[in-house]
Structures are given as C-alpha cells and as structure tokens.
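This report refers to the structure that appears directly beneath it.
The values are calculated or read from the model by the stated rules, or taken from the named source; none is laboratory data. The structure presented is a predicted model; accordingly, all values stated were derived computationally and were not measured. Neighbour counts run over all protein chains shown; Cβ positions are idealised from the backbone, glycine included.
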Amino acid sequence: MGTVRDVYANPATPFVGSFLGSVNEFQGHVEGGNIRIGDDLLPGLGQDQPNGKPVLAFARPHELEIVAERSDPAVGVPAKVHHIPEVGAVARVGLMALNQLKAGHEPTHFEVELASQRFSELAFVTGQSVQLVSRQSRIFEPGAPS
C-alpha cells in the first residue's frame, strides 16, 4: 500500500515489482554482503542478509550499468550485447548472460536503459562482451508469495 511511486520503488512482492514495470531478475545466494549467481558476483546487493540465504534480486533497467572494461572481472555478471535499439532519448540495450551461453543453457536476458548521450559515448556493438553491474535492487526470497 502507498503511492504508485512508493510501491514502484519498494514493491512488497515479486509480482508487484514486475507488474509495475520492467525488471531484471538475478537468482543466487548471499555471500559476504554480495549476491553470488553461479560464478558471478553482484557487489553490495545482499547487505543486511545472512550468508548463504537464497535470494531473488530485482533490478529495474535504469538501475543497471554496462561496463565495457572491468578492473575486477570477478565482479558483475558477464554478458554479451544482443540487441542495440534505435536510439531516442533513452536507449534500451538487450544483453544475454555470457556464462549461461558458454554452458549451453538457455540464456538469461537482461535489459538496460541508458541516456542516449551515454549510450553514444560507450559505443557498444552487437556481440560485444561486457559486465553487468547493479547499482540497486530489491531482494526477495525465492518463491515469495505473489
């Protein structure tokens, strides 16, 4: 309950979070205040959660960053640029999780929103390998009620 803005920013359930806009889902467990997703690590998103706790993290497309070169390749989710849209005021870049592609699994798709100027500066190309990092997320328990 609350204003649309409050519910959008702090949904009580995964259903409400996805109902009120696009979300990217990350399933993993908490490890030292971070979220471990297989071999990948999203830093700082699991703070205030006990180690080993299974979690489902939701990040909206504007809360993710695409990093072309990373000083620490162990931080972030390796991804491949899959779709580059025609640019307007906001570019919505489609990505696929790289480790899942290498393992032969059905890839997880992500969407990131960037201001068109920032998108132009980064000059991504289809097929480019990048790191996906989240600045913010909402944490739920897997199987949380809708």
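Summary table
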quantity: Scan of the stretch 128-146 for residues that are modelled with pLDDT of 90 or more and part of a loop (DSSP other than H, G, I, E, B), ordered by number; calculated: Gln128
quantity: Among (1) in contact (Cβ under 8 Å) with a residue 40 or more places away in the chain; (2) farther than 17 Å from Ala97 by Cβ, the one test that Val30 misses; calculated: (1)
quantity: Residue match in the stretch 49-62 (condition: at pLDDT 80 or above, within 24 Å of Ala123 (Cβ to Cβ), among the aliphatic types (A, V, I, L, M) and exposed (fewer than 13 other Cβ atoms within 10 Å of the Cβ)); calculated: no
quantity: Sole residue being closer than 19 Å to Arg135 by Cα, of a type in the set (Gly, Ala, Ser) and touching a residue at least 24 places away in the same chain (Cβ under 8 Å), chosen from Gly94, Gly46; calculated: Gly46
quantity: Selection from the stretch 17-33 of residues that are farther than 26 Å from Arg92 by Cα and not acidic (Asp, Glu); calculated: His29, Val30, Gly32, Gly33
quantity: Residue that is surrounded by the fewest Cβ atoms within 10 Å (Cβ to Cβ), among those in the stretch 1-40 that are of a type in the set (Asp, Glu) and closer than 22 Å to Gly76 by Cα; calculated: Asp39
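Yes or no, residue by residue, for (1) over 17 Å from the mean Cα position of the chain (by Cα); (2) outside any helix (DSSP H, G or I):
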| position | (1), (2) |
| --- | --- |
| Ser22 | no, yes |
| Gln27 | no, yes |
| Asn51 | yes, yes |
| Leu56 | no, yes |
| Val87 | yes, yes |
| Asn99 | no, no |
| Ser120 | yes, no |
